[in-house]
Amino acid sequence: MDTFVVSRLTKPAIVGSSKDIRQAVEVCRKAARENSPVLFQGEIGVGKLLLASYLHYESSRLGKPFLLVDCDSEEGIREFLSPENSESKLKFLKGGTLYFREIAGLTLSEQARLQRFCLLAEAEDVRVLLGSSQNVHLLMYEKAIDAELYHYATQREIYIAPLRQRRDDIMDLAGYFIKRLNQRLRKGVQGLTPQAEEVFLSYGWPGNVEELRQSLTRAMILTAESFIGRRHLAESIGQAGDFLHNPDVMPLDRMEELLLRSALSRYGTTLEGKKRAARALNISLATLYNKVKRYNVSK
Ligand SMILES: Nc1ncnc2c1ncn2[C@@H]1O[C@H](COP(=O)(O)OP(=O)(O)OP(=O)(O)O)[C@@H](O)[C@H]1O
């Protein structure tokens, strides 16, 4: 990723029902009405760029350019910050939004230059958004970030929690990516087998949503079946998931919840689907309804 510019953005879909992601979306909506810089913080692949583009979409700047500048790519950022380029770049971006990805990837002197550039951008009516997968407060404590940039960037922060802390989003995202990949790859995959779903829900996802997306892409390319099984995931996320997050002994109610979710995702949540899930789990329909309520299984 280097730089890319989007002038006409379709509304980014922010998938996930967890409280964490819904709150982040809400803060984005509010921040869209302001002009101050916003720092998106969160581990790699959590959705910082997606939320930054969503903020642009929700703002009055929609229709003007949204430009991504990757600070991890030396050529990209050097070329971008060079004084001979800045004037024409800012003229082109006037009224739009600039997103600087991974600001901590810059050297301290580059960070100082970036902060000065951001002020110039603001003066030309360009909204500045910044992203960091490293905790800038710790970096400040360690004096590993330029102090001016730190104070500039932290005027407003939006934190996106890692996927392992918002497990409610995992199957929402899986369903969303499967649907999109079905269209792209012309497949008819309906979901994950209960075993694969168990791996998905217990795995730690260190690469977050991006890793989940890539795992599903690989699995969908591999499979010719209607359901993605554990063996399709072996290469990407390990045979048995992440043992750190999937200890040998699992609380029984967690196991019950996983099986319930697996059955419903397999058979669907229509009345017919619920009847089939209840049959497969060898419980009555009334018991299934009780458990759905108890574990708050809405899908
Ligand atoms: N909540 C979400 N709903 C739908 N897609 C998502 C969501 N979060 C992330 N994605 C998708 O996951 C991928 C990674 O997201 P994104 O690039 O925004 O992460 P990032 O935190 O900016 O990554 P990096 O740390 O590499 O800069 C993208 O394809 C993005 O569209």
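Only residues that are under 18 Å from Lys48 (Cα atoms) and touching a Leu at 6+ places or on another chain (Cβ under 6 Å): list them for the range 137-153, please.
Ala153
Suppose the filter is buried (at least 16 other Cβ atoms within 10 Å of the Cβ) and away from the ligand (no atom under 16 Å from the Cβ); does Ala161 pass it?
Criteria not met by Ala161.
For the subset of the range 45-65 comprising residues that are part of a helix (DSSP H, G or I) and surrounded by fewer than 24 Cβ atoms within 10 Å (Cβ to Cβ), which member is farthest from the ligand (Cβ to nearest atom)?
My answer is Glu58.
Select from the range 73-93 the residues that are without any contact (Cβ under 8 Å) to a residue 40 or more places away in the chain and acidic (Asp, Glu) and write down the one among them that is surrounded by the fewest Cβ atoms within 10 Å (Cβ to Cβ).
Per the stated criteria, the residue is Glu84.
Evaluate the following for Ile145: is it β-branched (Val, Ile, Thr) and within 17 Å of Phe40 (Cβ to Cβ)?
Here the answer is yes, as Ile145 does meet what is asked.
Taking the range 111-127 on its own, how many of its residues are under 28 Å from the mean Cα position of the chain (by Cα) and part of a helix (DSSP H, G or I)?
The total comes to 7.
Go through the range 203-225 residue by residue and tally those that are under 19 Å from Leu163 (Cα atoms) and of a type in the set (Asp, Glu).
The qualifying residues number 2.
For the range 1-44, give me each residue that is at pLDDT 95 or above, within 12 Å of the ligand (Cβ to nearest atom) and of a type in the set (Asp, Glu).
Once the filter is applied, which keeps residues that are at pLDDT 95 or above, within 12 Å of the ligand (Cβ to nearest atom) and of a type in the set (Asp, Glu), the range 1-44 yields only Asp20.
Residue by residue, here is whether (1) surrounded by fewer than 19 Cβ atoms within 10 Å (Cβ to Cβ); (2) within 16 Å of the ligand (Cβ to nearest atom); (3) in the same structural domain as Ala219 (by TED's automatic domain parsing); (4) in contact (Cβ under 8 Å) with a residue 40 or more places away in the chain holds:
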residue: Gly95; (1), (2), (3), (4): yes, no, no, no
residue: Leu98; (1), (2), (3), (4): no, yes, no, no
residue: Gln111; (1), (2), (3), (4): no, no, no, no
residue: Phe117; (1), (2), (3), (4): no, no, no, no
residue: Glu124; (1), (2), (3), (4): yes, no, no, no
residue: His137; (1), (2), (3), (4): yes, no, no, no
residue: Lys143; (1), (2), (3), (4): yes, no, no, no
residue: Glu157; (1), (2), (3), (4): yes, yes, no, yes
residue: Leu192; (1), (2), (3), (4): no, no, yes, yes
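Every residue, every condition in (1) more than 29 Å from Leu185 (Cβ to Cβ); (2) at pLDDT below 85, yes or no:
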site: Ile221; (1), (2): no, no
site: Glu225; (1), (2): no, no
site: Leu233; (1), (2): no, yes
site: Glu257; (1), (2): yes, yes
site: Ser262; (1), (2): no, yes
site: Tyr289; (1), (2): yes, no
site: Lys299; (1), (2): no, yes
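The values are calculated or read from the model by the stated rules, or taken from the named source; none is laboratory data. None of the values given here were measured: they were computed from a predicted structure. With ideal geometry, Cβ positions are generated from the backbone for all residues, glycine too; neighbour counts draw on all protein chains shown.
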